[in-house]
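Nothing in this text is a laboratory measurement; each read-out follows from the coordinates by a stated rule. What you are looking at is a predicted structure, and each value in this text was computed from that prediction instead of being measured. Don't worry about glycine lacking a Cβ; one is built from the backbone with ideal geometry, like all the others, and counts go over all protein chains shown.
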Amino acid sequence: MSIEWVASRIKELRAKTGLSQEKFAFKIHMDRSYFASVETGNRNVSLLNLIKIINGLNVSFEDFFRGK
């Protein structure tokens with residue numbers, strides 16, 4: 001699993017929420033520029049921040065990583 005895959009999955013699921021990067025980052029209490037860097041694959045994401053993102057997307061870890 002690559003950084004690019006994780007970034008693409010985050011972007012896909014965030015788009016389904018209908019929220020912009022800015023609004024989603026605000027929702028999960030994360031700096032918008034950091035979130036944008038993660039979503040574009042330009043920055044590694046820590047496990048703690050990945051947990052925050054997945055929880056904010058309202059998907060299970062299994063569904064996130066299985067691509068459902």
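Take the Kirkwood radius over Cα pairs of the chain, plug it into Stokes-Einstein at 25 °C and 0.890 mPa s, and you get 210 µm²/s for translational diffusion. In terms of other Cβ atoms within 10 Å, Glu39, Glu62 run from fewest to most in the order Glu62, Glu39. Normalised by the number of residues in the chain, the mean separation of alpha-carbon contacts (under 8 Å, six or more apart) gives a relative contact order of 37 percent. Packing, as the average of other Cβ atoms within 10 Å across residues, places the peptides 22-34, 49-61 in the order 49-61, 22-34, highest first. Given R0 = 25 Å, the distance between the Cβ atoms of Phe61 and Lys23 translates into a calculated FRET efficiency of 0.60.
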